[in-house]
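Scroll down for the structure; my scribbles are underneath it.
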Amino acid sequence: YYVYSPRALLAVPSNLDDRTTVLPIAIQCGQGSSFPMFTPNASHTDPITWLAAKLTVQVSDALLHESMYHLGRTHLLLEVFICASHRTLPEAHPIFRLLKNHFYGTAFINFAAVNTLINPGGIIDQITAPEILTTCQLSAQSVNDPSFSFNEWMPDKEMASRGILDAGKLKYPYRDDAIKLWKVINEWVRGYVSTYYTSDDDVVKDTELANWCQEVTSADLGNLHGFGETPDGRIKTV
């Protein structure tokens, strides 16, 4: 097995009528100056080599996506809230009722993944280059690393941090659809939450909610960073 660590330089086309994608204009298949630079320019790189360089980037990107963003920051991240909700919130609690349907099936598929997908000798171990222990470590690190902030991972903030919220800069259907859905979800949840919490004082006095927040953020339990409104992860406002 050999795991590449490529670097790719992407550019937005200068033609304002064709800003449909970013294009790769330079690729290194490793980190550091010792690795050659490939470009789409035929005088520098033959077509097969350029294709191989692009494939190297795609494979590495897919590995990171599946291990960190799909498994880690989707499946494992949601499990933090599944466990915390069942351990600290009564079924009649408004937040439990709000989240309950979003938990459906996740614990089962996570259990199945551990036993049949990311297990030693399993599917992922067979078809990807990293050792399976490395893949699992990447998944855990993507959620537990202090550099990851739950609040900053919300779609609007995450996209703003990458400078892609401006629709005039680049055609990006995922961004356009995601932001519309995000606004609708926000509006609906605000209405729901304000039905049960009429003031910030109601939130502060909810001891069950406080226990939930502690479970989510506690270092030996959920260990989720950047959650809540205070350094210790509490929620104080509606």
Counting only protein chains, not ligands or nucleic acids, how are H225, H65, H44 ordered by accessible area (probe 1.4 Å), most first?
H44, H65, H225
Roughly how many debye, to the nearest 20, is the charge dipole of the chain about its Cα centre, given +1 on each Lys and Arg Cβ, -1 on each Asp and Glu Cβ, and no other charges?
420 debye
If the chain between A107 and A140 were fully stretched, how many nm would it gain, using 0.36 nm times the residue separation less the Cα-Cα distance?
10.3 nm
Please name which of L99, M68, P146 has its Cα lying farthest along the dipole of the range 65-165 towards the positive end, using unit charges on Cβ (Lys, Arg +1; Asp, Glu -1) and the Cα centre as origin.
L99
For T135, tell me the accessible area in Å² from a 1.4 Å probe, rounded to the nearest 10.
10 Å²
If you compute log10 I(q)/I(0) by the Debye sum over Cα atoms at q = 0.10 Å⁻¹ for the structure shown, which of [x] -0.66; [y] -0.54; [z] -0.45 do you land on?
[x]
Quick one: compute the contact order of the chain, relative version, from alpha carbon pairs under 8 angstrom and 6+ residues apart, as a percent.
19 percent
Ranked order, R7, R73, R190 - accessible area, probe 1.4 Å, largest first
R190, R7, R73
Considering only protein heavy atoms and a probe of 1.4 Å, how much of the accessible area of the range 74-118 is carbon and sulfur, as a whole percent?
65 percent
Given a Förster distance of 45 angstrom, what is the FRET efficiency for L181 paired with T49, based on the Cβ-Cβ distance and rounded to 0.05?
0.65
Contact order normalised by residue count of the range 86-195, Cα under 8 Å, 6+ apart, percent
12 percent
Relative to the chain, whose Cα atoms define the longest principal axis, helix 173-196 and its Cα axis are tilted in degrees, nearest 10, by 10 degrees
Checking the range 9-88 for chymotrypsin sites (Phe, Trp or Tyr not before Pro) in a loop per DSSP with at most 10 other beta-carbon atoms within 10 Å yields none
Give me the lysines in straight-line cross-link reach of K236: C-alpha distance below 30 Å, same-chain residues under 8 apart excluded.
K100, K157, K180, K183, K205
Euclidean distance of C-alpha centroids, the range 154-190 and the range 81-124, integer Å:
26 Å
Would you work out which of A167, V3, C29 lies farthest towards the positive end of the dipole of the chain, given +1 charges on the beta-carbon of Lys and Arg and -1 on that of Asp and Glu, about the Cα centre?
A167
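How far, in nm, would the chain grow between M37 and A92 when pulled straight, counting 0.36 nm per residue and subtracting the alpha carbon separation?
Working it through step by step, the gained length comes to 13.8 nm.
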Relative to the longest principal axis of the C-alpha atoms of the chain, give the angle of the C-alpha long axis of helix 132-144, reported between 0 and 90° and rounded to the nearest 10°.
50 degrees
Assuming R0 = 41 Å, what is the FRET efficiency of V238 and I123, from their Cβ-Cβ distance, to the nearest 0.05?
0.35
Where only protein heavy atoms count, and the probe is 1.4 Å, what is the accessible area per residue for the chain in Å²?
64 Å²
Spacing of the two label points (7 Å from each Cα toward its C-beta) at L9 and S161, in nm:
2.6 nm
Please state the relative contact order of the range 1-118 as a whole percent: Cα pairs under 8 Å, 6+ residues apart?
17 percent
Amide H proximity to V238 below 5 Å, modelled H, separation 5+ or other chain, gives D200
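The values are calculated or read from the model by the stated rules, or taken from the named source; none is laboratory data. Being a predicted model, the structure only gives us computed values, none of them experimental. Counting neighbours? That spans all protein chains shown, and the Cβs are built from the backbone with ideal geometry, glycine included. In case anyone asks, the SASA skips ligands and DNA or RNA and just uses the protein heavy atoms, side chains included. Shrake-Rupley method; radii C 1.70, N 1.55, O 1.52, S 1.80 Å.
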